[in-house]
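Encoded as structure tokens, the structure appears first; notes follow it.
The values are calculated or read from the model by the stated rules, or taken from the named source; none is laboratory data. The structure displayed is predicted, hence computed values, not measured ones. FYI the Cβ positions are ideal-geometry reconstructions off the backbone, even for glycines, and counts take in every protein chain you see.
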Amino acid sequence: MIARMLKDRTAIVGIGETAFAKRLEPSEKRLACAAPRRRDRPASLAPRLSYIPAPMLHYDPFSTEVMRDPYPVYARLREEAPVYYLEEYDAWALSRFEDVWNASMDNKHFTCAKGTTSAHVLTKVQQVTPMLNNMDPPEHTQLRSAVRRFFSPQALRSLEPTIRSLATACLDRAALRGECDVMADFASQISVKVACVVTGVPLEDGDLMNSLVWRFFARKPGHAGMTPEGLQAMQELFAYLVNLSHARRRAGSGADDIVNLLNQIEIGGKKLDDASIASHLAMFIIGGSETFPKVFANDILLLAQHPDQRAQCARDPALIPNAFLEGLRYLMPTQFLCRVVTRELQIRDKTLRPGQPLLFLYPSANRDPREFRNPDVFDIQRSIPRLLSFGQGTHSCIGLHVAKMEGKVCLEETLRRIPDYELQMDRAERLVTDFVQGFAKLPIRF
Ligand code: HEM
């Protein structure tokens with residue numbers, strides 16, 4: 001720790017010295033340059049100078065500062081400590097695009113089997129259960145290959161009219177009131193129902209799934225990690241999915257969906273029990289329903305803040321798919337996901353040891369000027385050849401095409417029906433969670 005503090009201080013004093021030199025009078029400058037302070041110099045002759053050192057670089061993923069606006073600290077991390085050591089958790093954080101990209105594709109030195117969220121590997125308040133994102137090859141490869149066909153663009157073609165009719169129904173209801181909450185009345189309604197359709201959970205239980213996922217992700221300010229209420233919601237979700245799996249097997253349902261597939265396949269030479277099936281299903285429901293609304297609310301915000309670009313999208317809907325990706329690049333809700341080191345490795349000048357968690361700071365990577373020109377500018381026409389918002393490599397988002405389709409259809413319908421919506425920021429609420437940021441509520445009027 002001391003060594004790190006000294007090292008960080010050196011960099012910061014360097015910054016402080018620049019400011020300090022600017023404030024010197026010419027005579028003092030001469031003194032400072034030509035006559036460095038000697039041991040025998042009387043204290044009264046030492047130049048009386050004051051300077052304000054830049055605050056020491058300290059990254060705490062749960063700090064109020066990071067919760068409020070993480071981008072300034074991400075910028076410093078990228079420049080001053082791209083492989084940053086979090087002493088409190090004996091963990092590391094990567095903030096540059098290239099580093100996150102490369103480490104995401106490295107299955108030799110990292111495991112997901114110890115969990116990938118802060119609740120698993122930092123605060124350790126949540127147990128790891130079998131889910132696609134918490135598995136390593138070869139089991140991960142077996143399961144992912146088995147479910148992949150449900151997420152292919154061909155399989156999803158029939159989903160577009162479903163998403164459009166869900167969006168239309170939400171906007172019809174909102175039109176009667178002339179306002180709506182983008183999260184609760186629109187995007188969450190759609191994403192959770194789409195996740196049910198893709199997974200094979202009955203659509204009529206969509207509202208129940210939605211409320212369980214919201215309770216699971218709700219956090220209390222000042223409480224690091226998941227709350228007991230969130231853990232309770234997770235247990236309720238599991239209980240529902242265990243019953244669903246069991247009931248389906250007993251009924252001998254022949255539906256071609258993920259619930260039935262999980263009942264049939266073998267992973268590692270063994271059939272899955274109901275608890276494992278429920279756990280895998282929970283991943284599809286949570287992964288499928290939780291992130292999209294926050295991404296969509298950010299898009300609504302960004303387009304309102306950039307009226308020219310909003311008007312361009314409304315005039316030419318062909319711009320919408322790229323606008324959706326640019327929104328995801330510019331403001332990504334998932335602040336980080338983790339891996340745990342299995343074999344010692346070197347990243348830049350740092351040595352990572354087995355057992356240490358590694359954080360991928362995706363939103364920081366997506367604003368890395370080494371990858372994107374003018375990264376702090378929102379530009380829907382930007383070319384985005386690579387993006388980290390859906391991860392990369394073995395565990396990259398399997399729901400990528402679902403998410404892109406939801407983004408395209410929901411933005412198209414919103415800009416077609418209510419292109420001049422107005423944000424009601426006085427009634428907006430931010431969501432305070434340990435690794436996901438966004439709106440809990442974003443009311444608009446039209
Ligand atoms: C805009 C919306 C979405 C975003 C930003 C997003 C983001 C991500 C990211 C960053 C990962 C990588 C996790 C890691 O490397 O540890 C991931 C994985 C995953 N996502 Fe998504 N996702 C979205 C929508 C969806 C949807 C709609 C579904 C399903 C219907 C889904 C299902 C999954 C699953 C199952 C995984 C784990 C894949 C694996 O480990 O092999 N996601 N997602």
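The figures follow:
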read-out: Matching residues, segment 86-119, being within 11 Å of the ligand (Cβ to nearest atom), part of a helix (DSSP H, G or I) and either more than 26 Å from residue 372 (Cβ to Cβ) or of a type in the set (Ser, Thr, Tyr) (or both); value: 104
read-out: Matching residues in segment 54-83 - criterion: being among the charged types (D, E, K, R) and not in a helix (DSSP H, G or I); value: 60, 69
read-out: Test set (1) surrounded by fewer than 23 Cβ atoms within 10 Å (Cβ to Cβ); (2) within 16 Å of the ligand (Cβ to nearest atom); (3) modelled with pLDDT of 95 or more - residue 287 fails condition number; value: (3)
read-out: Residue match in segment 206-218 (condition: within 15 Å of the ligand (Cβ to nearest atom) and not in a helix (DSSP H, G or I)); value: no
read-out: First in segment 205-231 and more than 12 Å from residue 432 (Cβ to Cβ) and of a type in the set (Val, Ile, Thr), second anywhere and in a helix (DSSP H, G or I) and modelled with pLDDT of 85 or more, Cβ under 6 Å, 6 or more apart; value: 213/286; 213/289; 213/290
read-out: Filtered residues of segment 366-398 (kept if surrounded by 20 or more Cβ atoms within 10 Å (Cβ to Cβ), away from the ligand (no atom under 11 Å from the Cβ) and aliphatic (A, V, I, L, M)); value: 380
read-out: Wholly within segment 343-446, strands (runs of 3 or more DSSP E) carrying at least 1 residues that are under 16 Å from the mean Cα position of the chain (by Cα) and farther than 30 Å from residue 155 by Cβ; value: 357-360, 429-432, 437-441
read-out: Residue, surrounded by the most Cβ atoms within 10 Å (Cβ to Cβ), within segment 136-177, restricted to residues that are among the polar types (S, T, N, Q) and more than 10 Å from the ligand (Cβ to nearest atom); value: 162
read-out: Residue 407 within 16 Å of the ligand (Cβ to nearest atom) and crowded, with 21+ Cβ neighbours inside 10 Å; value: yes
read-out: Count of segment 58-84 residues which are aromatic (Phe, Trp, Tyr), within 18 Å of the chain's Cα centre (by Cα) and modelled with pLDDT of 95 or more; value: 3
read-out: Single residue of segment 92-118 satisfying the filter (of a type in the set (Gly, Ala, Ser) and touching a Phe, Trp or Tyr at 6+ places or on another chain (Cβ under 8 Å)) that is farthest from residue 54 (Cα to Cα); value: 104
